[in-house]
Amino acid sequence: MTSTVVTDIRTLVTNDPALGDGSPLGLVENAAVVLDGEHIAWVGPAADAPAADARYDAGGRAALPGYVDSHSHLLFGGDRTAEFNARMSGRPYTAGGIRTTVAATRESTDDELARNLRHFLDEACRQGTTTMETKSGYGLSPEQESRALRVAAEHTDEVTYMGAHVVAPEYADDPDGYVALVTGPMLDACAPYARWIDVFCEKGAFDGDQARAVLTAGKAKGLTPRIHANQLSHGPGVQLAVELGAASADHCTHLSDADVDALAAADDTVATLLPGCEFSTRAVYPDARRLLDAGATVALSTDCNPGSSFTSSMAFCVAVAVREMGMTPDEAVWSATAGGARALRRTDVGRLTPGALADLTLLDAPSHVHLAYRPGVPLTARVWHRGTPLA
Ligand code: NIG
Ligand code: FE
């Protein structure tokens, strides 16, 4: 196992207040990090760094934990350029577009699905994302959902079963029959490949009772819930997430005061906000400030999918969250790293502390603040994933 000391880091984001300046980002100025095999062995002032087998000079740039993108939909075929074009001419976004991707996904071979997934995971990694969750939900039959999840499990540990994305076209007249399929044979076929279960709780998708049935069945099979909640309108999704101990309530765009209070009081349900979605659907952004001021834990994620948010860039999400959602640059960077790790209940990523995975992004900038200050600029200079630098 080789060790490397990455030194001359102008600003290091550790996300451990005890290691740094006491702020949530745990900032260390003029820092070094020692990578040993796949893990971090040491973090601190460059002047105190221990010797290592190799040395990498960061040249006064900033470093932060690899982004943890806790919400994406990368198991799909085709794209929805025409729908996006129509939307930018004034057509509203609806859940109905999902069916276009379902048709294209069902046509894709396993190889095509795998290649598409790999393409977007690699694209994200080049931009600094070292942990990425992904969901099914464009197959909507036991065979199609389970083969998508089998493909996913070959590429990421963070796999989510989302047979309850919308009602499958074959069940258009029998939504409860579809819920029975999702909670029965489809769940049996999918559970072996997944860690999480998700449901789109929304008008035009699944109501509160159906969402509860889906998540409860998933829990009984050992999957942990997460929910697409309160995206297009106010609904029961957030309350359900907290009640069932979901790892996260995602979107959180339309929230009542009671929803905000419930998220603030929840110990282990994170509010995951997805700025790319409101950007790409020309919708009102969620109010991150309101959630943060109430004391909720907020994660940022891309929601990368061909319909509502076709971006894999966490840096873009950080910049939009700062500009449009009332977050400070520090809060947004925390949410895109440590917040995502909380949403995935991981303690080995989203932080640069001894023992954590050596997932590290170096920015072509002296500070993490530049992610919001210099929107749209490709600032990712180098990425280490489990101790290995990307070419
Ligand atoms: O998170 N809201 C539901 N699912 C996705 C959109 C999927 C699609 O439009 O294809 C989302 O925005
Ligand atoms: Fe989503």
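A few points about this structure:
To keep it simple, each residue is scored yes or no on (1) among the β-branched types (Val, Ile, Thr); (2) closer than 14 Å to VAL13 by Cβ; (3) in a loop (DSSP other than H, G, I, E, B).
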position	(1), (2), (3)
ALA296	no, no, yes
THR311	yes, no, yes
VAL318	yes, yes, no
GLU331	no, yes, no
ALA336	no, yes, no
LEU352	no, yes, yes
GLY355	no, no, yes
LEU362	no, yes, no
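- Search result, residues across region 180-199 that are surrounded by fewer than 24 Cβ atoms within 10 Å (Cβ to Cβ) and either among the polar types (S, T, N, Q) or part of a helix (DSSP H, G or I) (or both): ALA180, LEU181, THR183, PRO185, ASP188, ALA189, ALA191, PRO192, TYR193
- For region 250-290, a residue qualifies if it is over 21 Å from PRO306 (Cα atoms) and surrounded by 24 or more Cβ atoms within 10 Å (Cβ to Cβ), and the qualifying residues are LEU255, ASP259, LEU263, THR269, VAL270, ALA271, ALA288.
- Among the strands (runs of 3 or more DSSP E) confined to region 14-115, the ones with at least 3 residues that are hydrophobic (A, V, I, L, M, F, W, C) and not assigned by TED's automatic domain parsing to the domain that holds PRO169 are located at 27-36, 39-45, 54-65.
- One residue alone among HIS254, HIS234 is farther than 25 Å from MET314 by Cα and assigned to a loop (DSSP other than H, G, I, E, B), and that residue is HIS234.
- With respect to the conditions (1) away from ligand 1 (no atom under 12 Å from the Cβ); (2) within 22 Å of MET132 (Cα to Cα), PHE310 falls short on a single one, namely (1).
- Members of region 192-213 that are away from ligand 2 (no atom under 15 Å from the Cβ), in contact with a strand residue (DSSP E or B) (Cβ under 7 Å, 6 or more places away or on another chain) and not charged (D, E, K, R): TYR193, ALA194, GLY208
- Residue satisfying condition, being out of contact with any Leu (no Cβ under 7 Å at 6 or more places or on another chain) and touching a residue at least 60 places away in the same chain (Cβ under 8 Å), within set ASP36, ASP57, ASP48: ASP36
- Residue ID - surrounded by the most Cβ atoms within 10 Å (Cβ to Cβ), chosen from residues in region 51-74 that are among the small types (Gly, Ala, Ser) and farther than 30 Å from THR272 by Cβ: ALA58
- Tallying residues that are more than 17 Å from ASP330 (Cβ to Cβ), of a type in the set (Gly, Ala, Ser) and either at pLDDT below 95 or under 14 Å from the mean Cα position of the chain (by Cα) (or both) within region 271-309 yields 4.
- Taking each residue of region 205-223 that is closer than 16 Å to TYR178 by Cβ and looking for partners that are modelled with pLDDT under 95 and part of a helix (DSSP H, G or I) with beta-carbon atoms closer than 8 Å, six or more apart or interchain, yields ALA205/ALA95.
- Flag for SER312 being buried (at least 22 other Cβ atoms within 10 Å of the Cβ), within 15 Å of ligand 2 (Cβ to nearest atom), farther than 18 Å from HIS228 by Cα and under 12 Å from the mean Cα position of the chain (by Cα): yes
- Those residues of region 154-177 which are among the aromatic types (Phe, Trp, Tyr) and surrounded by fewer than 23 Cβ atoms within 10 Å (Cβ to Cβ), in sequence order: TYR171
For every residue, the table says whether it meets (1) farther than 16 Å from ASP198 by Cα; (2) more than 16 Å from ligand 2 (Cβ to nearest atom); (3) assigned to a loop (DSSP other than H, G, I, E, B); (4) not assigned by TED's automatic domain parsing to the domain that holds THR129.
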| site | (1), (2), (3), (4) |
| --- | --- |
| GLY218 | no, yes, no, no |
| GLN239 | no, yes, no, no |
| ALA246 | no, no, yes, no |
| CYS277 | yes, no, no, no |
| ALA299 | yes, no, no, no |
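- Filter result for ASP8 (within 16 Å of ligand 1 (Cβ to nearest atom), in contact with an Asp or Glu (Cβ under 8 Å, 6 or more places away or on another chain) and either assigned by TED's automatic domain parsing to the domain that holds ALA365 or within 21 Å of THR347 (Cβ to Cβ) (or both)): no
The values are calculated or read from the model by the stated rules, or taken from the named source; none is laboratory data. These numbers were taken from a predicted model, which means no experiment stands behind them. In this analysis, Cβ positions are derived from the backbone assuming ideal geometry, glycine residues included, and neighbour counts consider all displayed protein chains.
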